[in-house]
Amino acid sequence: MHPSCSFGSVRRRVPVLLLIAAPAAAALTGCGPHRGDAAAQPQALPSAGKAVGVVSPTRGDVTRTVTQPATIQGIEEASLYAKASGYLKAVNVDKGDRVRQGQVLAVIESPELHDQQRQARAAYDQSLAAAEGARAAQGRAEADVRQGSAQVERARADAEEAAAGVARAAADVEKTQAELPRLQALAGEADAAVQQAVEQQGEAQAEVARWEQQLKAAQATLRAIQAAQQKAEADAHLQQITYRRFQSIQEKDAGLVTGQQVDEARARMETSESEVETARHKVEAAGEDVGTARQQVEAARRRRAAAAQKVTAEKSHAQAAHQEVEVAGKAVDAARQQVKVAEGQRLSAERQLKVTDEQRKALGQQVHVAAAQVSAARRQSEGNRSALSAAAALAAYTRLVAPFDGVVTERLADPGGFVQNAGTNQAAAKPVLKVVRDQVLRVLVPVPEASISRVRDGQPAAVVVDAFPKEVFHGTVARFAGALDPKSRTLLTEVDLRNPQGRLKPGMYARVTLSLEVHRGALSVPSETVMGPEDKRFVYTVAEGRAPHAGHHRRGRREDGGDHLRPQPGRSGGAGRARHAGGRRAGEGAGRQAGDARIGPLTPQRDARVCRLS
């Protein structure tokens with residue numbers, strides 16, 4: 001793939017010419033296009049005269065990257081020291097072993113620590129038993145006190161209940177005696193209500209009979225009016241027939257029936273029809289009277305039934321009132337007897353209350369003694385528990401456990417070796433194991449100062465290691481150092497890299513590529529078209545078939561071995577000149593037809609390839 005020059009944004013697309021000094025078209029070399037880009041293929045000219053090659057700039061995305069050496073580390077690393085001095089009894093893992101968090105990795109033999117723990121345990125168990133016995137004794141005493149208090153409360157409640165019973169019994173006597181006259185009055189009122197209900201029942205019966213009589217009269221009137229209506233309808237029918245007959249005869253022979261006779265017949269017909277209509281109205285009115293009478297009969301019957309039910313209810317109420325009077329009289333006698341019984345119960349309950357209260361006071365003294373014993377046992381137990389916790393903590397230091405899931409990278413001691421307590425003798429203590437969490441790795445990348453403004457959190461990073469040269473591992477930028485290294489003027493940047501299969505190892509050398517920025521739609525040309533020294537590079541541009549001059553351009557960026565050039569607006573010269581170039585020299589050549597551009601003879605100041613930007 002040939003390197004290329006890319007241009008930023010320009011006003012017009014620019015075909016690029018390569019002028020190659022060569023005796024024949026077959027001598028074209030060194031100005032190859034990007035792979036697969038037919039637009040960038042140089043066009044060779046026939047061998048008549050000097051050969052000229054033409055290329056056109058291509059447009060595409062150009063990514064600016066930075067690649068730096070890096071070092072891979074585990075996301076977490078821990079050197080495990082002993083917290084207790086002693087001989088290593090066992091080392092359960094070796095270098096390269098996978099471990100889980102909390103897994104016992106090594107055991108230290110320390111008999112004196114275990115003896116201290118056993119002694120502390122025995123003392124603590126003994127104090128617990130003593131405290132438990134004291135608490136049991138206190139519990140029994142408190143239970144006795146609660147039982148005595150409950151008995152006192154029950155005795156007091158019994159006494160109060162007995163006194164209340166006496167009061168209730170006396171109140172019942174008074175209430176019943178006061179209630180008796182009222183009940184007797186209610187019984188009298190109930191008897192009067194029965195008599196009134198009987199009278200209302202008789203009135204309702206008379207009303208039913210009256211309305212039934214009126215209903216019969218209305219029905220008879222209706223029948224008479226209906227008969228009159230039928231007679232009027234028959235007469236009207238006869239008058240209609242007579243009128244039609246007279247009218248028909250007059251129409252046939254006016255001499256047989258006079259017009260007066262026809263008019264009289266029509267008048268009689270209309271009169272009979274009016275009588276029919278009147279009779280019909282009377283029938284409707286009589287029907288309404290019958291309906292009203294029938295409704296009144298039904299209402300009277302309902303009132304009669306209600307009156308009968310009221311008589312029954314009032315009789316039942318009066319009977320109940322007389323029974324209540326009888327029951328009240330008996331209740332007065334029973335209440336007087338209950339007053340005597342309640343007074344006896346009250347005296348007995350007061351005597352029992354005095355006895356149980358004396359017993360409760362004696363039990364209270366026993367509770368105070370038991371509480372003092374429990375307090376002393378608790379203090380002893382707390383002291384022994386503290387001693388046991390300290391001994392257990394020291395004994396736990398005889399086991400080294402994994403602080404997280406990971407892999408053992410170093411084993412620095414073997415069973416039988418003596419290890420020092422790192423807490424008391426840091427100078428002599430040495431680590432036993434080193435564990436690294438490698439499911440996620442941190443890649444340490446020194447980013448040059450010129451690129452740190454374009455590096456950000458979450459930015460993708462491509463990592464390549466020598467162990468897998470054909471693979472690219474992908475991670476993301478996770479964190480930065482707070483300052484640059486004053487020696488290298490680089491910013492330490494960390495990339496988090498997932499490593500679920502453990503293929504990558506901590507300590508590997510890596511090369512990390514960070515994508516800093518992307519130029520969208522940049523123009524590019526082969527680098528062979530770029531001429532001149534570093535600070536004054538240029539390309540030849542062709543206008544109207546010639547390369548009249550070369551323009552100087554600002555330096556662009558190199559991608560895949562080529563230079564990316566941004567045209568600088570406002571410069572004089574040929575249309576669409578390039579801004580920057582770099583590449584090989586070529587021979588001078590004579591002009592000819594290339595595509596649709598006519599190339600005339602050139603007099604270049606030096607051997608060059610010419611880029612035309614249009």
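Throughout, read-outs are computed from the coordinates displayed, never taken from laboratory work. Computed from a predicted model, the values in this text were never measured in an experiment. Heads up, the Cβs are rebuilt from the backbone with ideal geometry, glycines too, and the neighbour counts pull from every protein chain shown.
Brief remarks on what is shown
- The Cβ shell under 12 Å around R100 holds other residues with a net charge of 0, Lys and Arg each +1, Asp and Glu each -1.
- Mean sequence separation of contacting Cα pairs (under 8 Å, at least six apart), scaled by the length of segment 117-381, corresponds to a relative contact order of 50 percent.
- Summing charges over neighbours of T476, with a neighbour being any other residue whose Cβ is under 14 Å away from its Cβ, gives +1 when K and R count +1 and D and E count -1.
- Residue order, fewest to most surrounding Cβ atoms within 10 angstrom, among I72, I249: I249, I72
- With 0.36 nm allotted per residue and the present C-alpha distance subtracted, the E471-K430 stretch has 10.9 nm of extension available.
- Centroid-to-centroid separation of segment 292-356 and segment 81-135 [C-alpha atoms, Å]: 84 Å
- Once the Cβ-Cβ distance of E153 and A392 is raised to the sixth power relative to R0 = 60 Å, the FRET efficiency obtained is 0.80.
- Placing dummy labels 7 Å off each Cα toward the beta-carbon, the span from E350 to L412 is 9.1 nm.
- Theoretical FRET efficiency, 1/(1+(r/R0)^6), r = Cβ-Cβ of Q226 and A320, R0 41 Å, to 0.05: 0.15
- For A376 and K340, the FRET efficiency from 1/(1 + (r/R0)^6), where r spans their Cβ atoms and R0 equals 60 Å, is about 0.55.
- Phi angles of segment 344-349 translate, via the Karplus equation with coefficients 6.51, -1.76, 1.60 and θ = phi - 60°, into HN-Hα couplings of x, 5, 5, 5, 5, 5 Hz per residue; Gly and Pro are given as x.
- Rounded to whole Hz, the Karplus (6.51, -1.76, 1.60) HN-Hα couplings of segment 56-61, x for glycine and proline: 10, x, 10, 10, x, 7
- Of all lysines in the structure, those lying under 18 Å Cα to Cα from K175, and not within fewer than 8 positions of it along the same chain, are K330, K340.
- Close amide-amide hydrogen proximity is noted between H519 and V62, T63, R64, each under 5 Å apart and 5 or more residues distant or on a separate chain (H modeled in the peptide plane; Pro and chain starts excluded).
- Taking θ as phi - 60° and the Karplus parameters 6.51, -1.76 and 1.60, the scalar couplings of segment 370-379 work out to 5, 5, 5, 5, 5, 4, 5, 5, 5, 5 Hz in sequence order, x denoting glycine and proline.
- Between Q103 and D115, the simple label model (points 7 Å from Cα in the Cβ direction) yields a spacing of 3.5 nm.
- Computed log10 I(q)/I(0) for segment 117-381 at 0.14, 0.15, 0.16, 0.17 Å⁻¹: -1.06, -1.10, -1.14, -1.19, from the Debye equation with unit scatterers placed on every C-alpha and solvent omitted.
- Cα centre as origin, Lys/Arg/Asp/Glu Cβ charges: segment 117-381 dipole, Debye: 1880 debye
- Sequence-distant aspartates and glutamates (8 or more away, or on other chains) whose Cα lies within less than 14 Å of K354: E153, D158, E160
- Remark: spin-label model distance Q213-D405 equals 11.1 nm, labels positioned 7 Å along the Cα→Cβ axis.
- Under 20 Å from a label point set 7 Å out along the Cα-to-Cβ vector of A171, the amide N atoms of segment 342-367 belong to 342-347.
- Cα-based reach from K470 at 19 Å (exclusive), listing lysines while leaving out same-chain residues under 8 positions away: K505
- Entries in K430/K487; K95/K430; K83/K434 that, when Cα-Cα distance is taken, lie over 23 Å: K430/K487
- Linear extension gain, R498 paired with S274, 0.36 nm per residue minus alpha-carbon span: 69.2 nm
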